[in-house]
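Beneath this line is the structure, given in structure tokens, with notes to follow.
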Amino acid sequence: MSAAGKCDVVVIGAGIIGAMSALYLQADGRSVTLLERGDVARGASHGNAGILAFPEIIPIPAPGIMKKAPRWLVDPLGPLSIPPAYALRIAPWLWRFWRASSPQAFRHGLKVQTAMMQLAAAEMQRIAQMPELSRFISTTGTLDLYDSEASFNNAASHDWQEKAKAGFNFSCVGRAEIEQLQPGLAPQFRHAMYTPGGLQVSDPYEFTKAIADLAASRGVEIRKGEAVRVEPAGDGAIVTLAGGKRLEAAKGVIAGGAWSKALSSGLGDRLPLETERGYNTTLPRQSFNLSRQLYFNDHGFVVTPLARGIRVGGAVELGGLDLPPNYRRSEALLAKAGRFLPGLNTEGGSQWMGFRPSMPDCLPVIGSSKASPAVVYAFGHGHLGLTQSAATGRLVSDLVCGRSPAISVEPFRPGRFA
Ligand SMILES: Cc1cc2nc3c(=O)[nH]c(=O)nc-3n(C[C@H](O)[C@H](O)[C@H](O)COP(=O)(O)OP(=O)(O)OC[C@H]3O[C@@H](n4cnc5c(N)ncnc54)[C@H](O)[C@@H]3O)c2cc1C
């Protein structure tokens with residue numbers, strides 16, 4: 001804040017997207033207030049799997065997905081669920097998701113994600129080189145496991161061809177190599193892809209906190225408070241807090257994750273932001289000798305090695321922000337992990353549920369509000385917020401500073417569903 005109590009930018013939300021945006025804006029010479037209603041990194045950025053999933057360029061809304069979905073939905077504890085209490089409310093989002101799975105929309109999404117992931121990898125490399133942050137990122141490699149040759153060939157081969165075209169390195173491995181790369185997997189796993197460059201964040205909460213701390217050490221003000229309204233004022237923006245205080249700034253950035261809809265609605269943007277709730281369990285480190293990230297592709301969950309333990313989780317529950325968590329989902333995933341890794345000790349874990357902020361085309365919203373270029377949106381990163389956080393910080397700072405963005409933000413424009 002300047003002596004007049006006005007800063008250049010107020011960033012709303014101190015998850016990984018808000019923290020990274022604040023860091024980039026500060027590096028661009030802006031005075032920044034990072035506003036958070038709770039504690040830093042207590043939203044989706046707290047307990048995710050910690051994967052920097054740059055090769056994940058394949059859009060989730062893919063041709064044929066709506067045929068597979070009913071099979072998943074039959075199992076109430078399967079990889080995809082819709083609580084009956086939320087079924088009607090999610091219908092318009094699902095309709096848009098279906099539209100995003102047309103062959104043409106899929107090809108567009110693939111192109112956009114490829115460009116975004118290239119930027120994401122390059123920007124995260126810059127982050128990884130910072131002495132305060134380098135210890136959080138390591139190369140563990142990723143093993144993508146399939147239940148059968150048929151599943152590997154049918155479902156996955158097209159995806160891997162696209163990843164190869166985009167320049168990612170991986171190799172097809174059989175049972176003997178699987179055993180070497182990760183001893184202790186159940187014998188059914190005879191087909192896998194190994195990505196040696198797979199990157200892991202040691203702890204997503206600690207990483208996000210370290211970014212916010214670094215930003216604070218460089219002058220960003222971290223302020224506790226809940227934004228209830230954002231509005232344009234002259235060339236700038238005013239953020240009204242619960243309790244009535246008002247923060248004036250030249251620019252406002254809304255990075256409130258899955259909770260961003262109320263603020264953007266107040267600015268006249270009716271965005272189809274929903275949440276894909278995800279579940280996991282973090283087991284003590286000694287529960288299993290885990291060498292690297294394991295993706296169980298036919299079951300929609302991952303097992304990742306974190307500094308604090310082994311995290312088993314994933315799944316998608318389209319259940320909105322208010323329904324209570326159903327931790328039977330965490331238990332179902334853990335039970336499966338116990339079958340797939342017979343030596344895994346499934347006792348003593350802690351459960352978590354997080355709200356992925358998700359748009360129906362699985363692309364984030366990065367761009368100016370309809371009401372004013374002084375308010376910039378940065379939310380809706382779905383399954384990939386940690387992965388795309390540094391790229392988003394860069395793009396937000398480009399937009400706020402009036403530079404031509406590092407990649408086109410046209411595909412991320414808020415009005416694309418209007
Ligand atoms: C189970 C699971 C596993 C995942 N695994 C991965 C993974 O391995 N790799 C990956 O890249 N992504 C992963 N994700 C996705 C990733 O966690 C999210 O995309 C990312 O954390 C979103 O970050 P965010 O900053 O937008 O939101 P959040 O982290 O939710 O932060 C939003 C913040 O804004 C604050 N806020 C909201 N409204 C206001 C307001 N009005 N005033 C003040 N503050 C406000 C909230 O309190 C919160 O702190 C996973 C998600 C889940 C659920």
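What follows draws every value from the coordinates through simple rules; no lab data is involved. These figures come from a predicted structure and were not determined experimentally. Here the Cβ positions follow ideal geometry from the backbone for every residue, glycine too, while neighbour counts run over all protein chains shown.
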Please grab the % of Cα pairs in segment 50-177 that end up more than 22 Å from each other. 53
For the chain, give the share of DSSP beta bridges that are antiparallel, in percent and rounded to the nearest 5; count only bridges with both residues there. 70
Using bins 10 angstrom wide from zero, how does P(r) for segment 183-291 break down, in % of all Cα pairs? 10, 25, 28, 18, 13, 6, 0
Rounded to the nearest Å, the spacing of the alpha-carbon centers of segment 1-66 and segment 248-320 is 13
What percentages, rounded to whole numbers, describe P(r) for segment 156-236 computed over all alpha carbon pairs with 5 Å bin width beginning at zero? 3, 10, 11, 11, 11, 11, 8, 7, 10, 9, 5, 2, 1, 0
Point-charge dipole on Cβ atoms (K/R +1, D/E -1) for the chain, about Cα centre, debye to 20: 500
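Report, in cubic angstrom per residue, the convex hull volume of the C-alpha atoms of the chain.
That works out to 134 Å³ per residue.
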Which angle from 0 to 90°, rounded to the nearest 10, does the C-alpha axis of helix 103-128 make with the longest principal axis of the chain? 80
So if I take the alpha carbon set of segment 255-347, get Rg, then get Rh from the Kirkwood formula, what is the Rg over Rh ratio? 1.11
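Rounded, prolate or oblate, given the Cα gyration tensor of segment 369-415, with a/c below 1.5 counting as rounded?
Details: a/c = 1.86, a/b = 1.31, b/c = 1.42.
The shape class here is oblate.
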Residues meeting the amide H criterion for R229 (H placed from the backbone, H to H distance under 5 Å, 5 or more places apart or on another chain) are T240
Fewest to most neighbouring Cβ within 10 Å: what's the order for D39, D322, D8? D322, D39, D8
Distribution of pairwise C-alpha distances over segment 298-418, 5 Å bins, in %: 2, 9, 16, 17, 14, 12, 10, 9, 6, 3, 1, 0
Among F97, A212, S151, whose Cα projects farthest towards the positive end of the dipole of the chain, with charges put on the beta-carbon of Lys, Arg (+1) and Asp, Glu (-1)? F97
Please work out the Cα convex hull volume for segment 115-154 and give it in Å³ per residue. 92
How far is helix 328-340 tilted off the main Cα axis of the chain, in degrees rounded to 10, range 0 to 90? 40
Could you list, in their original order, any pairs among K251/K370; K67/K163; K209/K251; K111/K165; K111/K163 whose Cα atoms are separated by more than 18 Å? K67/K163; K209/K251
Return the aspartates and glutamates within reach of K68: Cα separation strictly under 15 angstrom, same-chain partners fewer than 8 residues apart disregarded; answer none if there are no such residues. D298
Among C362, C401, C172, rank each residue by its count of other Cβ atoms within 10 Å, from fewest to most, as a rough exposure measure. C172, C401, C362
